[in-house]
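Everything on this sheet refers to the single structure shown next.
The values are calculated or read from the model by the stated rules, or taken from the named source; none is laboratory data. Values in this document were obtained by computation on a predicted structure and should not be read as measured data. Note that each Cβ is placed from the backbone with ideal geometry, even for glycine, and that neighbours are counted across all protein chains shown.
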Amino acid sequence: MRPVDPLGPYPDRLTDVLDHWAAAEPERVFLARRGANGEWLRLSYGKFRQLARNAAQWLLNAGLTAERPIAILSGNDLEHAILGMAAMYAGIPYAPIAPAYSLVSTSFDKLRHIFGLLNPGLIFVSDRLLFSRALEAVANPAILCIATTGTESSLNFDALTSTEATADLARVTQMVTPDTVAKILFTSGSTGVPKGVINTQRMLCSNQEMLRTAFPFMKQTPPVICDWLPWNHTFGGNHNFGLVLYNGGTLYIDDGRPVGKDFAETLRNLREIATTIYFNVPKGYELLVEHLKVDEDLRQHFFSRLSMTFYAAAGLGQPIWDALDELAVASCGYRIPMMTGLGATETAPFAICARKEYARSGVVGLPVPGVELRLVPSGHKMEVRLRGPNVTPGFWRQPEVTRAAFDEEGFYRLGDALRFLDPNDRSKGFVFDGRIAEDFKLSTGTWVSVGPLRAKFLHHSEPYVREIVFAGQDQDELTALIFPDPKNPPDRDTLQNLLRTFAEQNTGSSTRVVRAILLDEPPSLEAGEITDKGSINQQNVLRRRADLVQQLYTTPVPAAVITL
């Protein structure tokens, strides 16, 4: 499947876009983040470009090369953004790495694996003391470390930005081509072992032109967003950061997260910043809806300039979607389009996008201009594969992984399944049909379609269940391991009732959960049961908790097992 409309022209380098806006709108705010006093620290396009080019000159003076990338271990902040763009000016790849690998993990296994692949020539952290344990565990002491604070044993970041850029930098920047590696993003995949996805300049620039083509209103109204999504992920670091830069907008860095008390910071920011586009993951929208319902001032301010909302990373439940529609109508008299699509770190990530007239939970849409889509039978489903200028050329220093990721025609194997929303009218687009690797067969030969079933069960069991992992490969019946919601954990009677009422609606062997165990240990990041962005890895949960899976099929039934 190919879009009829061609993809428009796009620049060779993302730094060309920064050069453009710094010349056209030098005083316009590009980035802002709250300082220690709670006030917003703002960087204009002109000032940001100056600081990024100065830092790039320092990188050249320090003798850094493209063979030894820059490792950024800390999260979203102004220094992170400056160093990332400086690396692009200097033609040196950089790798933003999930802070959880340094601050949550105790074994540092994933961080050690990443450092082994990268062989970094420079490390940046926001706070040297905060990251000291991780650095001592995995980093060669000879590698130069730069920090913003706690710099007694590191170089202070100001040394980079106070270095004046020279004409030599302009010459080096011109040598950066569309094929130059801009950054390396690490994604865990099904094995839990991080893979380094190469992101070229062509990928980043073509992907932003695809976004602008899909949402042309950004040409007339530069986007203003307030965003927490981490830059070590493609959604926050490529999609959202790039969207603001490409269209001359403003990004307010939100230090909140859709988790517990951290969400209070997000609410504080949204009470001050009226966004034109709002991005979040489904959990973030769930929490936001709770507050929009009871806080009229927040609701009026949130919808005052909003032209679009967008979610990714997981499926958004239709009840949350409907609630947002109702709140928008109550505030401004009309619904605000909720958009989504389908992509991956390997596609930069924008590749498939829903049309607003067919948008609803589960619908991902059609390939955007520049992207070719191929459907290939895989078991009982249709696997989607993609090709285009936004698709990665491969994985950093992992040639075997690269070869396995592409088919004989050069299409990237996304690993997701799709089906048509309306087989009689394919222009309405596709519906997400789960991950190919998650599905399995019962002993009867019946397939269990994990993705859609998971979404259905989580909706049915609100607000008691946070996650569910299905078991039953080559068994007669479907069973499950259940992670309770920490705030609303179900007791045995409640869970048994949920199993019963779910079975009344889903009577087939591949949709009827007959036994379950309620888990008291949350999914482990270190064991790869959960990714640093919060999504569950079903295969790793089943492997790590194989003894519990065995109990689900033991006779007589163990005490821990709740039966239908």
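In the stretch 419-430, the residues that are in contact (Cβ under 8 Å) with a residue 60 or more places away in the chain and among the small types (Gly, Ala, Ser) reach residues that are in a loop (DSSP other than H, G, I, E, B) and surrounded by 15 or more Cβ atoms within 10 Å (Cβ to Cβ) with C-beta atoms within less than 6 angstrom, at least six apart or across chains, in these pairs: 429/421. Return only the number of the condition from (1) closer than 19 Å to residue 249 by Cβ; (2) surrounded by fewer than 22 Cβ atoms within 10 Å (Cβ to Cβ) that residue 63 does not satisfy. Unmet for residue 63, out of (1) closer than 19 Å to residue 249 by Cβ; (2) surrounded by fewer than 22 Cβ atoms within 10 Å (Cβ to Cβ): (1).
If you scan the stretch 364-373, which residues turn out to be in contact with a strand residue (DSSP E or B) (Cβ under 6 Å, 6 or more places away or on another chain) and either surrounded by 18 or more Cβ atoms within 10 Å (Cβ to Cβ) or among the small types (Gly, Ala, Ser) (or both)?
Selection gives 364, 365, 367, 368, 371, 373.
The residues of the stretch 295-338 that are among the hydrophobic types (A, V, I, L, M, F, W, C) and touching a residue at least 40 places away in the same chain (Cβ under 8 Å), listed by number, are 308, 312, 313, 314, 316, 321.
For residues that are assigned to a helix (DSSP H, G or I) and either basic (Lys, Arg) or in contact with an Asp or Glu (Cβ under 9 Å, 6 or more places away or on another chain) (or both), tally how many sit in the stretch 221-280.
Initially, the stretch 221-280 is screened for residues assigned to a helix (DSSP H, G or I), giving 234-246, 260-272.
Pick out the ones that are also either basic (Lys, Arg) or in contact with an Asp or Glu (Cβ under 9 Å, 6 or more places away or on another chain) (or both) and you get 234, 236, 240-241, 244, 246, 261-262, 265-271.
Count: 15.
On inspection, residue 319 passes the criterion of being farther than 24 Å from residue 215 by Cα and of a type outside the set (A, V, I, L, M).
Taken together, 520, 485 contain a single residue that is within 26 Å of residue 188 (Cβ to Cβ), of a type outside the set (Phe, Trp, Tyr) and within 24 Å of the chain's Cα centre (by Cα), which is 485. Could you tell me whether any residue of the stretch 540-549 is touching a helix residue (DSSP H, G or I) at 6+ places or on another chain (Cβ under 7 Å), in a helix (DSSP H, G or I) and either at pLDDT below 95 or farther than 26 Å from residue 443 by Cα (or both)? Within the stretch 540-549, one or more residues are touching a helix residue (DSSP H, G or I) at 6+ places or on another chain (Cβ under 7 Å), in a helix (DSSP H, G or I) and either at pLDDT below 95 or farther than 26 Å from residue 443 by Cα (or both). Could you grab me the full set of residues in the stretch 454-482 that are within 26 Å of the chain's Cα centre (by Cα) and among the β-branched types (Val, Ile, Thr)? Selection gives 465, 468, 469, 482. If we scan the stretch 435-456, do we find a residue that is at pLDDT 95 or above and either buried (at least 19 other Cβ atoms within 10 Å of the Cβ) or in contact with a Pro (Cβ under 8 Å, 6 or more places away or on another chain) (or both)? Scanning the stretch 435-456 turns up no residue that is at pLDDT 95 or above and either buried (at least 19 other Cβ atoms within 10 Å of the Cβ) or in contact with a Pro (Cβ under 8 Å, 6 or more places away or on another chain) (or both). Please go through the stretch 516-564 and give me each residue that is of a type in the set (Lys, Arg) and surrounded by fewer than 16 Cβ atoms within 10 Å (Cβ to Cβ), ordered by number. Residue satisfying the conditions is 543 alone.
If only one of 160, 130, 155 is surrounded by 15 or more Cβ atoms within 10 Å (Cβ to Cβ) and either outside the structural domain of residue 14 (by TED's automatic domain parsing) or closer than 30 Å to residue 207 by Cβ (or both), which one is it? Step through it out loud before you land on a result.
On the way: 130 fails: either outside the structural domain of residue 14 (by TED's automatic domain parsing) or closer than 30 Å to residue 207 by Cβ (or both); 155 fails: either outside the structural domain of residue 14 (by TED's automatic domain parsing) or closer than 30 Å to residue 207 by Cβ (or both).
Exactly one of 160, 130, 155 is surrounded by 15 or more Cβ atoms within 10 Å (Cβ to Cβ) and either outside the structural domain of residue 14 (by TED's automatic domain parsing) or closer than 30 Å to residue 207 by Cβ (or both), namely 160.
Among the residues of the stretch 127-141, is there at least one that is assigned to a strand (DSSP E or B) and either more than 23 Å from the chain's Cα centre (by Cα) or free of Cβ contacts under 8 Å to residues at least 60 places away in the same chain (or both)?
Going residue by residue through the stretch 127-141, those that are assigned to a strand (DSSP E or B) are 127.
With either more than 23 Å from the chain's Cα centre (by Cα) or free of Cβ contacts under 8 Å to residues at least 60 places away in the same chain (or both) added as a condition, the list becomes 127.
The answer is yes, given that some residue of the stretch 127-141 is assigned to a strand (DSSP E or B) and either more than 23 Å from the chain's Cα centre (by Cα) or free of Cβ contacts under 8 Å to residues at least 60 places away in the same chain (or both).
On the stretch given as the stretch 73-109, residues that are closer than 23 Å to residue 177 by Cβ and either at pLDDT below 95 or touching a His at 6+ places or on another chain (Cβ under 8 Å) (or both) total 1.
Looking only at the stretch 118-175, which residues are of a type in the set (Asp, Glu), under 22 Å from residue 57 (Cα atoms) and in contact with a strand residue (DSSP E or B) (Cβ under 9 Å, 6 or more places away or on another chain)? Talk me through it step by step, then tell me what you get.
The first filter runs over the stretch 118-175 and keeps only residues of a type in the set (Asp, Glu), leaving 127, 136, 152, 158, 164, 168.
Checking the rest, the ones that are also under 22 Å from residue 57 (Cα atoms) come to 158, 164, 168.
Listed by number, the list holds a single entry, 158.
Evaluating residue 289 against the criteria (1) at pLDDT 95 or above; (2) in contact with a strand residue (DSSP E or B) (Cβ under 9 Å, 6 or more places away or on another chain); (3) of a type in the set (Val, Ile, Thr) leaves one unmet condition, (2). When we screen 182, 274 for residues that are over 15 Å from the mean Cα position of the chain (by Cα) and buried (at least 24 other Cβ atoms within 10 Å of the Cβ), the only hit is 182.
Would you check which residues across the stretch 339-354 are within 15 Å of residue 211 (Cα to Cα) and either touching a helix residue (DSSP H, G or I) at 6+ places or on another chain (Cβ under 7 Å) or aliphatic (A, V, I, L, M) (or both) and list them? Those that are within 15 Å of residue 211 (Cα to Cα) and either touching a helix residue (DSSP H, G or I) at 6+ places or on another chain (Cβ under 7 Å) or aliphatic (A, V, I, L, M) (or both): 339, 342, 344, 348, 349, 350, 351, 352, 353, 354.
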